[in-house]
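Novice: Take this structure first; my questions come after.
The values are calculated or read from the model by the stated rules, or taken from the named source; none is laboratory data. Computed from a prediction, not measured in an experiment: that's the story for all the values here. Please note: Cβ atoms are built from the backbone with ideal geometry, for glycine as well, and neighbour counts cover all protein chains shown. Remember, those area values only see protein heavy atoms, side chains included, never the ligands or the DNA or RNA. Shrake-Rupley method; radii C 1.70, N 1.55, O 1.52, S 1.80 Å.
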Amino acid sequence: MAATLTGSGIALGFSCAAKFSKRSSSSSSSSNRRCIKMSVSVEEKTKKFTLQKSEEAFNAAKNLMPGGVNSPVRAFKSVGGQPVVMDSAKGSRIRDIDGNEYIDYVGSWGPAIIGHADDEVLAALAETMKKGTSFGAPCLLENVLAEMVISAVPSIEMVRFVNSGTEACMGVLRLARAFTGKQKFIKFEGCYHGHANSFLVKAGSGVATLGLPDSPGVPKSATSDTLTAPYNDIAAVEKLFEANKGEIAAIILEPVVGNSGFITPKPEFIEGIRRITKDNGALLIFDEVMTGFRLAYGGAQEYFGITPDLTTLGKIIGGGLPVGAYGGRRDIMEMVAPAGPMYQAGTLSGNPLAMTAGIHTLKRLSQPGTYEYLDKITKELTNGILEAGKKTGHAMCGGYISGMFGFFFTEGPVYDFSDAKKSDTEKFGKFFRGMLEEGVYLAPSQFEAGFTSLAHTSEDIQFTIAAAEKVLSRI
């Protein structure tokens, strides 16, 4: 049976959802299911996967927006095929304007950790909206979310809310330079910290996806103090400090890389950079925009037991609404205006809607068993896909931590961006397009991590593994 419930009522004939439509909406009544069953025609049952409406909408969008999108990876440049224009999402599912339904492992690139359009979050947002959407003034909800973040994240004693991960990383780098009085900083090849000028050097995410060189429009002066090293290479970091004695303000890194694919740190690496920064009077910054509240309630720093000086957050703390934050030691954060001289401001920072969504998302994540469940289903998913690859004769490697995972079409192991680039991206593109037709939505790039949520079920995972084996057997 090919049917589902949408915001506008019952839609019939979802070809790629046909295999799992019975569980696509847990709120559907038995009477609805009986009506749907009676209404489905033979023609609808055999309807083939199509993206005709997406194609029409995307072609129109290309005349309105650069490349037809508002973020490059959405254009499917690295995987080929027709970009999908989405219409709605609920729980673990996302639906496009052609009526196709997919099990979603993108999760809005991380925020949807409790599932899309969670009923409790939506109800709380509806109540908050009655009071107004933005004040441009302090609101009590900022205090509530700030207290939750501070109590959860080991490094954060004070926090500043902003509107995106990029803005958080811009602010935290300025702060590190202001506090230390030094200008240079170290980032790692393939790590992405937003699109601010200083960070667009050997960056990951969309830059890696599109194979772009360092972006045009970034002046040399903006990156002259940006030093880079391969991820997981502690010797390279030591050499940079030796060559730039007394000049390095900070090291910033993704504690688990998600923007070059999924790459985990070697234990000696993450411990080593903590030691090196302390020995050299530099600050350690964890960019936890992706890993914050995902690997553990206290983020990667809780998971690995390494406390940085400063941390950036985003995605999950806004519950799907635009948000970012940076925080850390009190003595450093008191440099931020108006408490101190380091200026940073934002019109919509701390707006009541983002604060509300974040509060109710973190409440759910703080409940017992949350991360054990994420770990269980993500382990099952990752191991299942890798086993399917082995069974069908493909060179693959991958891994997971809690609700974050990834795999590469290469023997591996993958320790850094140069290893990741050995992956067969053409094969990944075929795999991605095949999974899309089977009703599974993965990140449209080999160089992006995947995400599970509390809304994903064991049935979702088994369906995905079966789809993966089917696709892998024919590519």
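Novice: What distance in nm separates the simple spin-label points at LYS376 and GLU469, each placed 7 Å from Cα in the Cβ direction?
Specialist: 2.2
Novice: Could you compute how much accessible surface LYS239 exposes when probed at 1.4 Å, giving the result in Å² to the nearest 10?
Specialist: Rounded to the nearest 10, the figure is 150 Å².
Novice: With only alpha-carbon atoms counted, please give the Rg and Dmax of region 145-290, in Å.
Specialist: Spelled out, the Cα radius of gyration and Dmax of region 145-290 are 14.8, 42 Å.
Novice: What angle do you read, to the nearest 10 degrees and between 0 and 90, between the alpha-carbon axis of helix 267-279 and the longest principal axis of the chain?
Specialist: Approximately 30 degrees, to the nearest ten.
Novice: So, one more: For region 223-347, give the share of DSSP beta bridges that are antiparallel, in percent and rounded to the nearest 5; count only bridges with both residues there.
Specialist: Once the DSSP bridges in region 223-347 are tallied, antiparallel ones form about 45 percent.
Novice: Is region 322-429 best put as rounded, prolate or oblate by its Cα gyration tensor, with a ≥ b ≥ c the root eigenvalues, rounded for a/c under 1.5, and otherwise prolate when a/b is larger than b/c, oblate when not?
Specialist: prolate
Novice: Filter the cross-link list LYS53/LYS391; LYS187/LYS315; LYS62/LYS391 down to pairs whose alpha-carbon distance in this structure exceeds 29 Å.
Specialist: With Cα atoms farther than 29 Å apart: LYS53/LYS391; LYS62/LYS391.
Novice: With semi-axes √(5λ) of the Cα gyration tensor in Å as the read-out, I listed (1) 35, 30, 18; (2) 38, 26, 20; (3) 36, 30, 23; which label goes with the value calculated from this structure?
Specialist: Given (1) 35, 30, 18; (2) 38, 26, 20; (3) 36, 30, 23, the calculated one carries the label (2).
Novice: May I ask you to derive the relative contact order of the chain, considering only C-alpha pairs under 8 Å and at least 6 residues apart, and to give it as an integer percent?
Specialist: 20
Novice: With every protein chain in place, what's the accessible area of HIS360 (1.4 Å probe, Å², nearest 10)?
Specialist: 60
Novice: Still on this structure, I have one more. About its Cα centre, how strong a charge dipole does region 234-368 have in debye, to the nearest 20, once Lys and Arg get +1 and Asp and Glu get -1 at the Cβ?
Specialist: So the magnitude is around 380 debye.
Novice: Suppose R0 equals 22 Å. What FRET efficiency, 1/(1 + (r/R0)^6) with r the Cβ-Cβ distance, do ASN197 and THR347 give to the nearest 0.05?
Specialist: 0.50
Novice: Using a 1.4 Å probe over the heavy atoms of the protein chains, calculate the carbon and sulfur portion of the accessible area of the chain as a whole percent.
Specialist: Accessible surface attributable to carbon and sulfur in the chain totals 52 percent.
Novice: So how do ARG174, ARG433 rank on accessible area, 1.4 Å probe, biggest first, that is with the largest at the start?
Specialist: Final ranking, largest accessible area leading: ARG174, ARG433.
Novice: Say R0 is 56 Å: what FRET efficiency, to the nearest 0.05, do ARG275 and ASN63 get from their beta-carbon distance?
Specialist: 0.55
Novice: Let me ask something else about it. With the Cα gyration tensor of region 64-108 giving a ≥ b ≥ c as the square roots of its eigenvalues, does the rule (a/c under 1.5 for rounded; else a/b larger than b/c for prolate; else oblate) give rounded, prolate or oblate?
Specialist: Prolate, since a/c reaches 1.5 and a/b exceeds b/c.
Novice: Might you report the magnitude of the Cβ-based charge dipole of region 355-465 about its Cα centre, with Lys and Arg at +1 and Asp and Glu at -1, to the nearest 20 debye?
Specialist: In debye, rounded to 20, region 355-465 gives about 100.
Novice: Could you compute how fast region 404-475 diffuses translationally, taking Rh as the Kirkwood radius over C-alpha pairs and applying Stokes-Einstein at 37 °C with viscosity 0.692 mPa s? Give it in µm² per second.
Specialist: 251
Novice: While we're looking at this one, here's another question. Can you run the Rg to Rh ratio on region 158-202? Use alpha carbon positions and the Kirkwood inverse-distance Rh.
Specialist: 0.97
Novice: Counting only the heavy atoms of the protein chains, how much of LYS184 is accessible to a 1.4 Å probe, in Å² to the nearest 10?
Specialist: In the full protein context, LYS184 sits at about 40 Å².
Novice: Where does helix 165-180 land angle-wise versus the long Cα axis of the chain, in degrees 0 to 90, nearest 10?
Specialist: 10
Novice: Quick check: from the Cα gyration tensor, does region 90-149 come out rounded (a/c under 1.5), prolate or oblate?
Specialist: It is prolate, given that a/c is not under 1.5 and a/b is the larger ratio.
Novice: Also: Dipole size in debye (nearest 20) for the chain around its Cα centre, Lys and Arg Cβ +1, Asp and Glu Cβ -1?
Specialist: 820
Novice: So, one more: When the helix-only estimate is applied to the chain (DSSP H runs of n ≥ 4, each -39,500 (n - 2.57), divided by the residue count), what is the mean residue ellipticity at 222 nm, nearest 500 deg cm²/dmol?
Specialist: Rounded to the nearest 500, the figure is -11000 deg cm²/dmol.
Novice: Taking the solvent-accessible surface of protein heavy atoms with a 1.4 Å probe, what is the per residue accessible area of the chain in Å²?
Specialist: 42
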